1. So between Ser135 and Arg114, what do we pick up on full extension, going 0.36 nm a residue minus the alpha carbon distance?
2. Report the equivalent ellipsoid semi-axes for the stretch 59-133 in whole Å, largest first, defined as the square roots of five times the eigenvalues of the gyration tensor built from alpha carbon atoms.
3. In nm, what is the difference between 0.36 nm times the number of residues separating Gln107 and Thr163 and their Cα-Cα distance?
4. Just from its helices, what would the mean residue ellipticity at 222 nm be for the chain, if runs of 4 or more DSSP H residues each count -39500 (n - 2.57) and the sum is divided by every residue, rounded to the nearest 500 deg cm²/dmol?
5. Just rank Thr14, Thr74, Thr67, Thr156, fewest to most, by other beta-carbon atoms within 10 angstrom.
6. Have a look at the DSSP beta bridges in the chain and tell me what percent are antiparallel, nearest 5.
7. How many percent of DSSP beta bridges within the stretch 129-225 run antiparallel, rounded to 5?
8. Build a GNM of the chain with springs between Cα atoms under 10 Å: which of Leu140, Leu39, Leu24 gets the top mean-square fluctuation?
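Derivation of every value follows stated rules applied to the coordinates shown; laboratory data play no part. Computed from a predicted model, the values in this text were never measured in an experiment. Counting neighbours? That spans all protein chains shown, and the Cβs are built from the backbone with ideal geometry, glycine included.
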Amino acid sequence: MVKALRQNQQLLGTTAPTSGNLALRNILARRALTSKTHLSAEQIVITNGATEALNLALRAVTQPGDTVAVESPTFHGLLQILESLNLRVREVPATAHCGINLFALEQLLRGAERICAVIVIPNLQNPLGSIMPDSHKARLVQLCAEHATVLIEDDTYGDLVDTEQPLSTLKHWDRSDNLIYCASLNKTLAPGMRLGWISAGRWHDRVEMLKHSQSRGVRRCRNWR
Ligand SMILES: Cc1ncc(COP(=O)(O)O)c(C=O)c1O
């Protein structure tokens, strides 16, 4: 431990900022432009992987007992997060062709039950591998906005897709600040670093407060201050 502290002397005297390293946030904001996502470093909070980002997003916009819609099938870790937060789940069928079924989602949103949030993985859905076409992304964003249901985007795998035309994010189509964007560097940079990030739009301050109360700032690298 003493050796580690000698090698990382800044750990002795400084605490990590809650939102995470500013240089890293600047890089993430620049990289986001490739998926047509316009963000500034100030709109980003670094997290302990996408897992913490999804936890924070859900905690920011729901209360225990609320209902959240997810794609079916979806990433099992998401179901564990929802269960740990005491949230109810409604499953909406999804296909390997274009992801979540918008007709089924619309029926659900029009129903009597209040759906507080919809969580989707638009690019390389886990486990289906689907990539939503742009028209589907735009309609999904619009549909959630019409029903005042928060859309949570899990873009854990977007960076892995190697296409001539970079994929757009749902965030790109969000005109009414009704979306929380969650991403991970664990699949592209290094799984051991447990780095992810969140851009929560109008819930930014709430997410920053929750992050501070939950785990304070993330510091992962010797030269990051
Ligand atoms: C769709 C999806 N979201 C989130 C995660 C969690 O990502 P992280 O390792 O960055 O916490 C995974 C992990 O495998 C995943 O498949």
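1. Numbers: separation 21, 0.36 × 21 = 7.56 nm, distance 2.57 nm.
Additional length available on full extension: 5.0 nm.
2. One finds semi-axes of 21, 15, 9 Å for the stretch 59-133.
3. 16.8 nm
4. Details: 9 runs with 81 residues, N = 225.
Theoretical 222 nm ellipticity from helices: -10000 deg cm²/dmol.
5. Going from sparsest to densest Cβ surroundings: Thr14, Thr67, Thr74, Thr156.
6. Roughly 35 percent of the DSSP beta bridges within the chain come out antiparallel.
7. 50 percent
8. Leu24
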